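S.K.: Mind having a look at this structure? Questions to follow.
Every read-out reported here was derived from the displayed coordinates using simple, explicitly stated rules and does not represent laboratory data. This one's a predicted model, so the numbers in the text were calculated from it and none came from an experiment. Cβ placement follows ideal geometry from the backbone for every residue including glycine, while neighbour counts extend to all protein chains displayed.
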Amino acid sequence: MARIFVAIVLMIFSVACAKAMPQTAIKEAIDTVLVRSLDVTGDGKADTISLHIMARNLASPFSWTLSINSQGNRIYTLSGDDSRIDTLFHDEGYVPSCRGYLECKKKYYFHDILDGLEAPYDLNGILDRSQSNTLYSVGKEYLEACCAIKGSDADAILSRMEGRLRNGNAVVIAVPTSPMTYEHPMMFVPEANLFMPIYIE
């Protein structure tokens, strides 16, 4: 299914994409919402992905909340406090294709998180039933724990997910938790109205 990329909307701070900033701007508090429209549920309709980022100023650690809304309902949310990684933005190569703490930090938060949601995947690896970290093993455990779905009902859901993966109609996302780490790849399960991990690395 074709991915739908409508827009990344920068609200409050237009300085996000600037290469350089006045010293006064660096010291300003950040409370910004970025929005991307993308079909992540696989129903052919664009969903709203919002990233709310906050910090005392650009040179301070960021906290953030990423949420996904589909047809007026919130179907996913994840929050983070990046105090532990803030100094790493000084390191060359920590964020690709940028140089310097401020430039790399702006690139990651204002662009890379939302741009990097769609995840490539290894079909054979995900569907390998001999492993305990792949779709059927992970899915059965998750569906029973989250939603008391088990047995033939769980098998039917997982079979439909496998079909979408094989047909190239699956939408697989992995939410970045740092420039180097991601949440487990996951797919939306309409029968449970939630995202489910499909592979545990």
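S.K.: Calculate the FRET efficiency for Lys27 and Tyr182 from the Cβ-Cβ distance with a Förster distance of 25 Å, rounded to the nearest 0.05.
M.R.: Details: r = 32 Å, r/R0 = 1.26.
Between Lys27 and Tyr182 the formula returns 0.20.
S.K.: Tell me, what HN-Hα J-couplings in whole Hz come from the Karplus equation 6.51 cos²θ - 1.76 cosθ + 1.60 at θ = phi - 60° for each residue of segment 73-88, using x for Gly and Pro?
M.R.: Those phi angles translate into 10, 7, 10, 6, 8, 8, 10, x, 10, 9, 4, 6, 10, 4, 5, 5 Hz.
S.K.: Same structure again: Rank these for me by crowding, Thr65, Thr41, Thr48, going from fewest to most other beta carbons within 10 Å.
M.R.: On the way: Thr65 14, Thr41 22, Thr48 17.
By the 10 Å Cβ count, ascending, the order reads Thr65, Thr48, Thr41.
S.K.: Can you tell me which lysines have their Cα less than 24 Å from the Cα of Lys150? Leave out same-chain residues fewer than eight positions away.
M.R.: Counting by Cα, and skipping residues close in sequence, Lys150 has these lysines nearby: Lys140.
S.K.: Using Cα springs under 10 Å in a Gaussian network model of the chain, which residue among Gly151, Gly100, Gly139 shows the largest mean-square fluctuation?
M.R.: Result for the chain, Cα springs under 10 Å: Gly151 fluctuates most.
S.K.: Let me have the relative contact order for the chain, percent, based on Cα pairs under 8 Å that are six or more residues apart.
M.R.: Details: 345 pairs, mean separation 33.6, N = 201.
Rounded, it is 17 percent for the chain.
S.K.: Rounded to the nearest 20 debye, what is the charge dipole size of the chain about its Cα centre when +1 sits on each Lys and Arg Cβ and -1 on each Asp and Glu Cβ? The partial results should precede the final answer.
M.R.: On the way: 18 positive and 24 negative charges, 90 e Å.
It comes to approximately 440 debye.
S.K.: Continuing with the same structure: Which one of Ser79, Ser37, Ser152 has the biggest mean-square fluctuation once the chain is modelled by GNM with Cα springs under 10 Å?
M.R.: Ser152
S.K.: Mind listing the phi-derived Karplus ³J(HN,Hα) values for segment 52-65, rounded to whole Hz, using 6.51, -1.76 and 1.60 with θ = phi - 60°, and x for any glycine or proline?
M.R.: These are the phi-based 3J(HN,Hα) values: 9, 10, 9, 6, 4, 6, 5, 8, 9, x, 8, 10, 8, 9 Hz.
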